[in-house]
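Have a look at the structure below before the remarks.
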Amino acid sequence: MKLFKRPALTGVDSEAALAEARKLIARRVDQPARRAFLQRSLTMGGLSLLSGCSITDNETVDAALTRISRLNDTVQGWIFDPNRLAPTYPDSMITRPFPFNAYYGEDEVRVIEEAGYKLEVTGMVADKRSWTLAELRAMPQEDQVTRHICVEGWSAIGKWGGVRFADFLRRIGADTSAKYVGFKCADDYYTSIDMPTALHPQTLLTLTYDSQPLPPKYGFPMKLRMPTKLGYKNPKHIKAIFVTNTYPGGYWEDQGYNWFGGS
């Protein structure tokens, strides 16, 4: 089998080329968080995807940035170690108050009533019945104090408690050879993750924060907490989970953010 390589960018001042590309991103990407993410992650290897194209053309830049992001997804998936644990911390290091973060303001936090709430489960699973919070609370629970890392550049340490997500997936008979687990949320957010991250021992279906029922601003009735992922990959107010081999995308991912989102 022959391996074909993209032509190298010869005769190019790499630092100057990257600086110019980052300036183009700044002018063409409106959202500050996405702009900063793309500027930080751009490398000469990524810039080489533009070889033979005009980096002053909007459509070319957008297409190339999408290819860079998908390449990043693939590479992060290759190097992800499902057995490597993220650092944990003592309670004394918890950030108080823990910051609120969402695509809307704190005064717009969704308030979901526990009465009548059920978690919908669909897709490649054996048991498609819905789950109540009481049933989830009856499963073995564990706590973790881990660092939340935001794509905007800040981080905070919080204490999360709940059901190990791998245990829940096995309880519902999920096909763990499937590629994706997707989430739909009561605040209209949605995202998806790779199965190895779903099965990671620190991925929690979170029901509590700091040993108390999960507050609305942190995602009541439940949040998926993954210390191996950036913050935007951690959905709140989850109302439905599905297992699939069809790429589900995500709220920010469909707007150009990196899908794998490893921290």
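The values are calculated or read from the model by the stated rules, or taken from the named source; none is laboratory data. What you are looking at is a predicted structure, and each value in this text was computed from that prediction instead of being measured. For neighbour counting, all protein chains shown are included, and Cβ atoms are generated from backbone atoms with ideal geometry for every residue, glycine included. What goes into the accessible areas is simple: the full protein's heavy atoms, side chains included, and nothing from ligands, DNA or RNA. Shrake-Rupley method; radii C 1.70, N 1.55, O 1.52, S 1.80 Å.
Tabulated data for the structure shown
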| item | result |
| --- | --- |
| Which listed residue, of Y209, Y190, is among the hydroxyl-bearing types (S, T, Y), open to solvent by 10 Å² or more (accessible area, probe 1.4 Å) and within 20 Å of Y251 (Cα to Cα) | Y190 |
| Filtered residue count, segment 88-102, keeping only those that are of a type in the set (A, V, I, L, M, F, W, C) and in a helix (DSSP H, G or I) | 1 |
| Test result for T203, over 24 Å from A126 (Cβ atoms), hydroxyl-bearing (S, T, Y) and surrounded by 19 or more Cβ atoms within 10 Å (Cβ to Cβ) | no |
| Every residue from segment 215-263 that is basic (K, R) and either open to solvent by 20 Å² or more (accessible area, probe 1.4 Å) or in a loop (DSSP other than H, G, I, E, B) (or both) | K217, K236, K239 |
| Those residues of segment 83-128 which are loosely packed, with under 12 Cβ neighbours inside 10 Å and small (G, A, S), in sequence order | S92, G105, A115, G116, A126 |
| Qualifying positions in segment 78-105 - at pLDDT 95 or above and among the charged types (D, E, K, R) | D91, R96 |
| Entirely in segment 122-204, the helices (runs of 4 or more DSSP H) that have 1 or more residues that are more than 21 Å from the chain's Cα centre (by Cα) and touching a residue at least 60 places away in the same chain (Cβ under 8 Å) | 133-137 |
| From T228, T208, T244, T197, residue being within 17 Å of V121 (Cβ to Cβ) and of a type in the set (S, T, N, Q) | T244 |
| Residues satisfying the stated conditions in segment 221-263, i.e. within 15 Å of N101 (Cβ to Cβ) and more than 14 Å from the chain's Cα centre (by Cα) | H237 |
